[in-house]
Amino acid sequence: QVQLVESGGGLVQAGDSLRLSCAASGRTFSSYAMGWFRQAPGKEREFVAGINWSGSYTYYADSLKGRFTISRDNAKNTVHLQMNSLKPEDTAVYYCAATRVTGLRGSSQYDYWGQGTQVTVSS
């Protein structure tokens, strides 16, 4: 079992950067692929980025590729999402999630979830 806690959200202006973190508990963290999702008010939860167990393979939503970067540090049981050139449409609650299988983009395919962190981008 993995417990996940996100942090790093906040209110920023368009064009700013923000780095989200997800701290995981449990000795099996390094065996999980990790993902970031986001959910804006009135919209479905959508995939943002994913990373395999070792950090050697990353994958992104096409619309976000180039602005967002996912990384992980297995020694510290953490996964990060670096977000650059933020836009008002990036405003959402951001969640990290864990799954046993690399490459998954569907929220129903992830087994463990954090409580989310709010990111608000003002214009």
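Data overview
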item: Candidate aspartates and glutamates for bridging to Lys87, where Cα separation is under 13 Å - those fewer than 8 sequence places away on the same chain excluded; result: Asp16
item: Orientation-averaged projected area, Cα convex hull of the stretch 35-123 (nm²); result: 5.9 nm²
item: Full-stretch length increase - Ser17, Thr120 - with 0.36 nm per residue and alpha-carbon distance subtracted; result: 35.9 nm
item: Fraction in percent of alpha-carbon pairs per bin - 10 Å, the stretch 5-72; result: 17, 48, 29, 5
item: Cleavage-rule hits, trypsin sites (Lys or Arg not before Pro), the stretch 62-94, DSSP coil, Cβ neighbours within 10 Å at most 15; result: Arg67, Lys76
item: R0 of 30 Å, Cβ-Cβ distance Ser85-Gln3: FRET efficiency to nearest 0.05; result: 0.40
item: Loop-located chymotrypsin sites (Phe, Trp or Tyr not before Pro) in the stretch 30-123, at most 13 other Cβ atoms within 10 Å (DSSP); result: Tyr57
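Readers should treat all values here as calculations from the given coordinates under stated rules, not as data from a laboratory. Predicted model, so just to flag it, every value in this text is computed and none were measured. Glycine also receives a Cβ, built like all others from the backbone with ideal geometry; neighbour counts cover every protein chain displayed.
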